[in-house]
Amino acid sequence: MKRVISIKEAMTPKVLTVGSNTTVANAAKLMADRSVGSVVVMKDKKPVGIITERDLLMKVLSADLKPSKILVSKIMSSPIKSISSGTDITEALKIMAKSKIRRLPVMDHGKLVGIITTSDIIAISPDLMELASQADEIPKKDIEESVCESCGEVTTELYEVNGTWVCGNCRDASTE
């Protein structure tokens, strides 16, 4: 019989959060200081959105906006999708794959209690790698070029390494 693994067993209980009136620059600095790829945006002690490194790239940097002048509430992904801590991790992966996201805030009784990522799930259950890869799939016909999150190189092929999208050179350097 297959063992059911709950979100609670794989999630990260400490979630980096910011208020909705925080600047993008401050949120990005917190993310960098804590080495995390996302921050949950809170308003009145409730999660109202999420900002990821991809949001910073696609909504701020590529638009040449000044991060110190933009509030997180203007670029956050909202409404936020979430999951409860007692849910099986395969359900989380299905939601991630369907929604094309890699992170889900974990909510119990209306309170933020953690965050689960595809990397967290793979770490605890490597046999779910195939299902997790569906969460990260973007049809190749939609992508002409992308930017390596490590070195900034523009390339047609990126690889996910520890939650970061990198070019082949940076991927190879991380395995040495």
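The values are calculated or read from the model by the stated rules, or taken from the named source; none is laboratory data. Given the structure is predicted, the values throughout are model-derived calculations rather than measurements. Positions of Cβ are generated from backbone atoms using ideal geometry, with glycine treated the same way; all protein chains shown enter the neighbour counts.
A few notes on this one:
- The set of residues in region 89-107 being surrounded by fewer than 17 Cβ atoms within 10 Å (Cβ to Cβ) and out of contact with any strand residue (DSSP E or B) (no Cβ under 9 Å at 6 or more places or on another chain) consists of 90, 94, 98, 99, 100.
- Among the residues of region 52-80, those that are part of a loop (DSSP other than H, G, I, E, B) and touching a strand residue (DSSP E or B) at 6+ places or on another chain (Cβ under 6 Å) comprise 76, 78, 80.
- Scanning region 81-110 for residues that are part of a helix (DSSP H, G or I), over 13 Å from the mean Cα position of the chain (by Cα) and of a type in the set (S, T, N, Q) yields one hit, 90.
- Residues within region 6-18 that are farther than 24 Å from residue 67 by Cβ and either not assigned by TED's automatic domain parsing to the domain that holds residue 119 or not in a loop (DSSP other than H, G, I, E, B) (or both), tallied: 6
- Given (1) in contact with a strand residue (DSSP E or B) (Cβ under 8 Å, 6 or more places away or on another chain); (2) part of a loop (DSSP other than H, G, I, E, B); (3) closer than 27 Å to residue 121 by Cα, number of the condition residue 21 does not satisfy: (3)
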